[in-house]
Amino acid sequence: AASKLEVSMPAVVEVESGGTARIECNFYIPGNGSYTYINWFYIDRNNRVRLCRIIGSEILEENVDYKRRLSVGEDNALSISRVTMQDARTFVCQVGAGSHGVGENRTELHVYKVPEAPEIAASLAGISVQSSNIPQIAHCVSKNGFPPPNITWHKNGEQLQPEEKMVKIPATLTRESSGLYTVSSTLFAHVTREDRNSLYHCTVHYWLRGQRHAVESRRVNVTVFYPAEHVKLQVMPSSALVKEGDDVKLVCEADGNPAPVFSFYKRGLEDSWQDLSSLADTNSGVLNLHDVKKSSSGLYRCQTLDLDDMRQLEKDVELVVNYIEGVHVKVEPSSPLQEGDSVRLSCDAHSPVALDYQWRDEKGRKVGEGNQLFLSNLTFETSSNFSCKVIAPSVPGLEQSKQVAVAVQGKPRIVAISSPLYVRQDEVVNLTCKAIAFPRPSVHWNVNGTAHEYVENQHIASNLTVRVNHDLLRAGAMCRVSNALGISEKHIQLLDQKTPESKGVIIVAIIVCILVVAVLGSVIYFLHKKGKIPCGRAGKQDITKPEARKDKIVVEVKSDKLSEEAGLLQGANGEKRPAADQ
């Protein structure tokens, strides 16, 4: 056990600015004696300044600077509320115990304030890789920290260190009126073209309860200027797919920043170059060619100029405009064709790519493939406009067509007439005659009337409107079709229709016959029901037997009437019977 008065206190107490600091004072008095007084002091410039004096349960002589911020607990611990930066000092607890003397100890009060998150601002102006001076990359500030924090810089996650003629990191520390510190730092560094994608950030470091802490800023990227090293020129769409009539773009791209000035040229005769820059957007590097032709094919050049170092780069590309030209159809034989003849159609065209051929009729139906079409046994109906469609399979949309007329010549052939035609006296009727021929024929009638002609699917038709008279009924009409190669004619027969009166007589006769048959059938059915005529298999009787009852009817049938009467009974009874049964 200790033989003298001892006072124990923590060496250091840490508290955040604005919080409450609690400083304990523990003491031991031999013999379990009691203290006489307790004095609390703080050290200011090596001088002791008393905060308060505790005698018994009373606190005396409270310091004016700490008024209303001090309190002493039952364990004699001193509490200071609303701590400020000025409270960061040494505090002394002195205990008096009468005959045991006086003892004391001290505690360092550390006040801290976590600094604000750092704010970073990247350089707004672009940074050239060719800059002779070390350019500024970014500036970083962290405010209201205590004790004073410090700032470090990082690129792509790796910390940067000052390097002569390459990296500079100056920093400033400012003490504010509040006692807090503001720290700022600026990063200066040379850049390369790879730094166009680099990310920079700063980190503020501070101490808290004996441990080091850090807060990072957001990542920023800076604009890096560098000259072009490579240039690329391409045709859009792909040169292999360009055809006449397309709109084509020549796109020139360089890997410099900012983009250089673009110029476009096309090679002409004797290696001369035609300047096309007036047709291009020299800032974006695009040359637009509208509705290209076969003559648009050739070698194109893009040239770049870097305005910083006046360096030039160039790139060439070959533009191939695919085409189909000279589509020609040959007819063999070339002499006029007659019905029954055969003909061969041959199609030819020129193109830098492989071609396919299709044949279609005038209705658009495909009738053949390949560059030849053979037609046999020609007729007037075969006559048509055939088209040869030339297609480039490797170039979508590239095609050409050529039409050819296959005309079969011959004298007219009448294919339809309105004969026989049933008419009535004085009736107005239409007589029709339809024919086919080439050259186109003319149609004539041997009777007077109003004629109307029309052409339908290579046929010529004539409608003659006439009034029927006795001579027309007797002789009919003649349709005569002719052209330079011959004449065809056909007779139209006119038949007199029955008069309405004769039709009425026939109808009345038919109705009378139907009524007679109906009455006869009813009589037979009535006799059958009365039993006067035995019918059916169960009622068979031999009409020659003498035992026949008086109410039976004996029928004598002559041989020449037998079949007629048998048929009548069959209709009444539903089955045919032998003569003996009847």
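The values are calculated or read from the model by the stated rules, or taken from the named source; none is laboratory data. Model, not experiment: these values are computed from the prediction. So basically every Cβ, Gly included, is an ideal-geometry build from the backbone, and we count neighbours across all protein chains shown. Quick note on the areas: whole protein, heavy atoms, side chains included, nothing else; ligands and nucleic acids left out. Shrake-Rupley method; radii C 1.70, N 1.55, O 1.52, S 1.80 Å.
Remarks
- Scan of the stretch 243-281 for residues that are over 34 Å from the mean Cα position of the chain (by Cα) and of a type in the set (S, T, N, Q), ordered by number: 263, 272, 274, 277, 278
- Counting residues in the stretch 179-197 that are open to solvent by 50 Å² or more (accessible area, probe 1.4 Å) and without any contact (Cβ under 8 Å) to a residue 12 or more places away in the chain gives one or more.
- Checked against (1) assigned to a helix (DSSP H, G or I); (2) within 29 Å of residue 295 (Cα to Cα), residue 381 passes all but condition (2).
- Scanning the stretch 134-144 for residues that are surrounded by fewer than 24 Cβ atoms within 10 Å (Cβ to Cβ) and touching an Asp or Glu at 6+ places or on another chain (Cβ under 8 Å) gives 141, 143, 144.
- With respect to the conditions (1) assigned to a loop (DSSP other than H, G, I, E, B); (2) touching a His at 6+ places or on another chain (Cβ under 9 Å), residue 14 falls short on a single one, namely (1).
- Filtered residues of the stretch 148-191 (kept if under 19 Å from residue 17 (Cβ atoms) and among the charged types (D, E, K, R)): 175, 176
- Candidate set: the stretch 395-419, residues that are among the polar types (S, T, N, Q) and at pLDDT 90 or above; chosen: the one most open to solvent (accessible area, probe 1.4 Å): 403
- Strands (runs of 3 or more DSSP E) contained in the stretch 48-141 and holding at least 1 residues under 60 Å from the mean Cα position of the chain (by Cα) and more than 21 Å from residue 7 (Cα to Cα): 119-122
- Single unsatisfied condition, residue 19 versus (1) out of contact with any helix residue (DSSP H, G or I) (no Cβ under 8 Å at 6 or more places or on another chain); (2) buried (at least 16 other Cβ atoms within 10 Å of the Cβ); (3) touching a residue at least 24 places away in the same chain (Cβ under 8 Å); (4) under 30 Å from residue 180 (Cα atoms): (2)
- Test: residue in the stretch 414-430 that is in contact with a Phe, Trp or Tyr (Cβ under 8 Å, 6 or more places away or on another chain) and either assigned by the TED database to the domain that holds residue 384 or not polar (S, T, N, Q) (or both): no
- Here 149, 170 are screened, and the one residue that is open to solvent by 20 Å² or more (accessible area, probe 1.4 Å) and outside the structural domain of residue 11 (by the TED database) is 170.
- Of the numbered criteria (1) in contact with a Ser or Thr (Cβ under 8 Å, 6 or more places away or on another chain); (2) open to solvent by 40 Å² or more (accessible area, probe 1.4 Å); (3) not small (Gly, Ala, Ser), the one residue 441 fails is (2).
- Strands (runs of 3 or more DSSP E) within the stretch 390-455 that include 1 or more residues within 30 Å of residue 359 (Cβ to Cβ) and within 49 Å of the chain's Cα centre (by Cα): 399-406
- Consider the stretch 55-95 and keep the residues that are open to solvent by 90 Å² or more (accessible area, probe 1.4 Å) and more than 30 Å from residue 181 (Cα to Cα). The one that is modelled with the lowest pLDDT is 61.
- Yes/no for residue 457 being open to solvent by 50 Å² or more (accessible area, probe 1.4 Å) and either at pLDDT 90 or above or in contact with a strand residue (DSSP E or B) (Cβ under 6 Å, 6 or more places away or on another chain) (or both): no
- The stretch 212-238: number of residues that are of a type in the set (S, T, N, Q) and closer than 30 Å to residue 299 by Cα: 2
- Hits in the stretch 238-284 (condition: under 21 Å from residue 196 (Cβ atoms) and surrounded by fewer than 18 Cβ atoms within 10 Å (Cβ to Cβ)): 255, 257, 258, 259, 261, 283, 284
- Test: residue in the stretch 114-133 that is of a type in the set (Asp, Glu), open to solvent by 40 Å² or more (accessible area, probe 1.4 Å) and farther than 21 Å from residue 185 by Cβ: no
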